[in-house]
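Below is one structure, written out as structure tokens; comments come after it.
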Amino acid sequence: MITFLLTLERWAQRFAKVNREVMMNSFLKALRESVPESLREFQADLLAVDCHHNYVNREFHFGEDLLITRKGAVCAEKGRYGIIPGSMGAKSFIVQGKGNAESYNSCSHGAGRLMSRSEAKRRFSVEEHMRATSQVECRKDRDVIDETPMAYKPIDKVMAAQNDLVEIKHTLRQILCVKG
């Protein structure tokens, strides 16, 4: 049974990877078509960071073959690039794994919740959400209150707590957040 479930999980991960590639290629095509002709010749060596979370993987740790479940976590093998997003409206990070064996080469996937979705909906208003996301183009309605920045841990504290797991390579300032 476990073999069957792992086969399905690998299929789902491949499907998700192809989906991310299709979205990225569509975005790049739209970007190329929308920039002025004078900029279309510009070339750059870019790194596309493909980072998934919430999955199971067969890995070798501490002399044993193990099934590692990364729920809210990503792989942080030495040299591997990843993305650690902050909340809607907070900065995010491009990181490179340090390969910390004690963490099974893992790090957090993001800021992490301070409270449940239902508690965030009960506690915060649309007006508070609008103020918290004033510098970000995003939905500002009752249906996204559960994702408001105040419902998440401060990303700087999260990053400081895992400085032995990853090295920050780039800090990204959020300008757009697509949710739902």
Discussion item. Anything in region 3-33 that is modelled with pLDDT under 85 and of a type in the set (Ser, Thr, Tyr)? List them, or say none.
Written reply: none
Worksheet item: Considering only region 154-180, how many residues are open to solvent by 80 Å² or more (accessible area, probe 1.4 Å) and more than 23 Å from residue 97 (Cα to Cα)?
Response: 4
Item to complete: Return the only residue of 120, 132, 76 being over 21 Å from residue 47 (Cβ atoms) and in contact (Cβ under 8 Å) with a residue 40 or more places away in the chain.
Response: 132
Worksheet item: When the residues of region 129-148 are filtered to those that are among the charged types (D, E, K, R) and in contact with a helix residue (DSSP H, G or I) (Cβ under 7 Å, 6 or more places away or on another chain), which remaining residue is surrounded by the most Cβ atoms within 10 Å (Cβ to Cβ)?
Response: 146
Worksheet entry | Candidates 87, 38 - the one that is more than 30 Å from residue 3 (Cα to Cα) and open to solvent by 90 Å² or more (accessible area, probe 1.4 Å) | 38
Practice prompt. Would you check if residue 119 is among the acidic types (Asp, Glu) and surrounded by fewer than 14 Cβ atoms within 10 Å (Cβ to Cβ)?
Written response: yes
Fill in: Single unsatisfied condition, residue 151 versus (1) surrounded by 14 or more Cβ atoms within 10 Å (Cβ to Cβ); (2) more than 27 Å from residue 101 (Cα to Cα); (3) in contact with a Gly (Cβ under 9 Å, 6 or more places away or on another chain); (4) small (Gly, Ala, Ser)
(3)
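The values are calculated or read from the model by the stated rules, or taken from the named source; none is laboratory data. Just so it is clear, the structure is predicted and the values come from calculations on it, not from any experiment. With ideal geometry, Cβ positions are generated from the backbone for all residues, glycine too; neighbour counts draw on all protein chains shown. These accessible areas exclude ligands, DNA and RNA; they are computed on the full protein's heavy atoms, side chains included. Shrake-Rupley method; radii C 1.70, N 1.55, O 1.52, S 1.80 Å.
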